[in-house]
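A short worksheet on the structure shown next.
Bear in mind these aren't lab numbers, they're just calculated from the coordinates by the rules spelled out. Worth saying up front: this structure is predicted, and the values here are computed from it rather than measured. Heads up, the Cβs are rebuilt from the backbone with ideal geometry, glycines too, and the neighbour counts pull from every protein chain shown.
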Amino acid sequence: MGKLILIIGGARSGKSQYAVELAKKMGKEVVFLATGIAEDEEMKSRIKLHRESRPSSWRTIEERKNPLDVLINLKENYKVVILDCLTFLISNLLLDGVGEESILKKVKKLAEITSKTDYKLIVVSNEVGEGVVPHTQLGRNFRDVAGRANQIMADYAQEVYLMIAGIPLKLKGKK
């Protein structure tokens, strides 16, 4: 049986880097499952920096809406999969008009996948509930769906880490 690890935190808290460091310790056969989209130069630059921070031997798969399909169909013998990030996935789905209930069902299926696999799934997500109330309805919908999705992931996860200023705080799991 696989294992689910959730790494959550604010922007630039060190979530992705910590996920990479954890994965390096767990094995050489790693898939990086990216949900972000390079739609402008700034995002292209961010993605480039992320790629450069990972070992070149790792396989990168970009899937903005259906990471579950990728996870179910992994044929090779991978030990670790990093899904970076859950909040980009939620944003992509909301912008495509997918409703909250459908998104949360997808998230629950993602959380359940490790019970049917042999790999460790590290999910990176943004903590969105500690900021100001968004000004727009779309912003509030995103915050609400992301908060509920994070709760689902945390409930299913065997380990949960909160990143603050590059420091991982273990919230759940064996000490």
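Amide hydrogen proximity for residue 60: with H placed 1.01 Å from N in the peptide plane, the residues at 5 or more positions away or on another chain lying under 5 Å are 32. Under a Gaussian network description of the chain, with springs only between Cα atoms under 10 Å, the residue in 87, 60, 35 that fluctuates furthest is 60. Of all DSSP beta bridges confined to the chain, the antiparallel ones make up roughly 15%.
Over region 136-175, the hull volume per residue, using the convex hull of the C-alpha atoms, is 64 Å³.
Highest mobility in the GNM of the chain, judged by mean-square fluctuation with C-alpha springs under 10 Å and restricted to 155, 69, 84, is found for 69. The GluC sites (Glu not before Pro) of region 102-135 that DSSP puts in a loop, and whose beta carbon has at most 13 other beta carbons within 10 Å, are 130.
Taking the square roots of five times each eigenvalue of the Cα gyration tensor of the chain, the equivalent ellipsoid has semi-axes of 23, 18, 17 Å, listed largest first. Could you check how many percent of all C-alpha pairs in region 1-80 are farther apart than 23 Å? Beyond 23 Å sits 21 percent of the P(r) for region 1-80.
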